[in-house]
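Reviewing the structure listed below.
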Amino acid sequence: MSKSRRPLVAGNWKMNGLKKSQAEVNKLIKKLTKQHLKCDLLLCPPATLLTRFKNAAKGSRLRLGGQDCHGQEKGAHTGDISAQMLADAGATFVIVGHSERRADHQETDRIVRAKAGAASAAGLKVIVCVGETAGERRQKKTLRVIGRQLTKSIPDKSSSSSTVIAYEPVWAIGSGKTPTTKQVAEVHAFIRRKLVQRFGDEGEGMRILYGGSVNPVNASELLAIANVDGALVGGASLKASNFWGIAASY
Ligand code: 13P
């Protein structure tokens, strides 16, 4: 990992979390006051909890983010949430293009790119997710798929301060399976090359997270791989002790 890239450990709570979940956030905030982490710590709870958690985290180093936003600034889109609304509720980051959104809501690269653009326009940092399915890996299409997602999902104006990439193999999400360190290294090196080709020094400075079944036991091995600048954590981010265990492995 380059010296200029400060690692980021991000938790994606997905469709989990109620008011009472604040107990876990309080534990994280308490730990942050006592121990200095060598990475940034970000939590992306459901949007309904952002303001509550933001108030609890006031003055702490815990960052908050949304899990998705609409590609347009505002308008007649019932049930959707805009980037500006997330920022207003306390988010400084937003995840876009998660494979669950791509699969459940038929989000294309073009839609993801619009979301990333809307997020940047609202002043949010954006985490753009990419990753292959099990079938694509079997058919040896991994790098081709990821190359396409990177080209088409990331807006041209992206920079190292605005944009983070998350590599999440779809088959590793929630499955307890992780790629080998060699597989992770290959994909992250490929992503780095693509980012540098397109964005130059800014591409060198963009953080590339690994996501998919990261836990406190496998974190140190995964986070030590070249070009892995942090983790995007699902299930293991729901409990403060597990999430902290991952972040503290730096
Ligand atoms: P798990 O850590 O539960 O595998 O989920 C990963 C993920 O999808 C994070 O966005």
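Could you name the aspartates and glutamates in cross-link range of Lys30, using Cα to Cα under 19 Å and dropping any fewer than eight places away on the same chain? Reachable aspartates and glutamates: Asp40.
For a label point 7 Å from the Cα of Glu221 along Cα→C-beta, name the residues of the stretch 2-45 whose backbone N is under 20 Å from it. From the stretch 2-45, the list is empty.
Of Lys152, Lys27, Lys194, the sequence from fewest to most neighbouring Cβ atoms within 10 angstrom is Lys152, Lys27, Lys194.
Given R0 = 25 Å, the distance between the Cβ atoms of Ala134 and Ser60 translates into a calculated FRET efficiency of 0.05. Amide H contacts of Arg207 (H built 1.01 Å from N, in plane; Pro and chain starts excluded): Ile165 sit under 5 Å, all sequence-distant by 5 or more or on other chains.
In this simple spin-label model, placing a label point 7 Å from the Cα along the Cα-to-Cβ direction at both Ala121 and Gln106 gives a separation of 2.4 nm. Beyond 19 Å in Cα-Cα separation lie the following of the pairs Lys38/Lys157; Lys20/Lys239; Lys20/Lys54; Lys140/Lys182; Lys14/Lys54: Lys38/Lys157. Would you mind checking the stretch 59-73 for residues with the amide N under 18 Å from a putative spin-label position 7 Å along Cα→C-beta of Lys27? In the stretch 59-73, the label zone of Lys27 (backbone N under 18 Å from the point 7 Å along Cα→Cβ) covers 62-63.
Our estimate of slack between Thr151 and Lys38, defined as 0.36 nm per intervening residue step minus the Cα-Cα distance, is 37.6 nm. Once the Cβ-Cβ distance of Ser4 and Lys74 is raised to the sixth power relative to R0 = 25 Å, the FRET efficiency obtained is 0.10.
Read the figures in this text as sums done on the coordinates, not as results from a lab. Worth saying up front: this structure is predicted, and the values here are computed from it rather than measured. Neighbour counts are summed over all protein chains in view; Cβ atoms, including those assigned to glycine, are modelled from backbone coordinates with ideal geometry.
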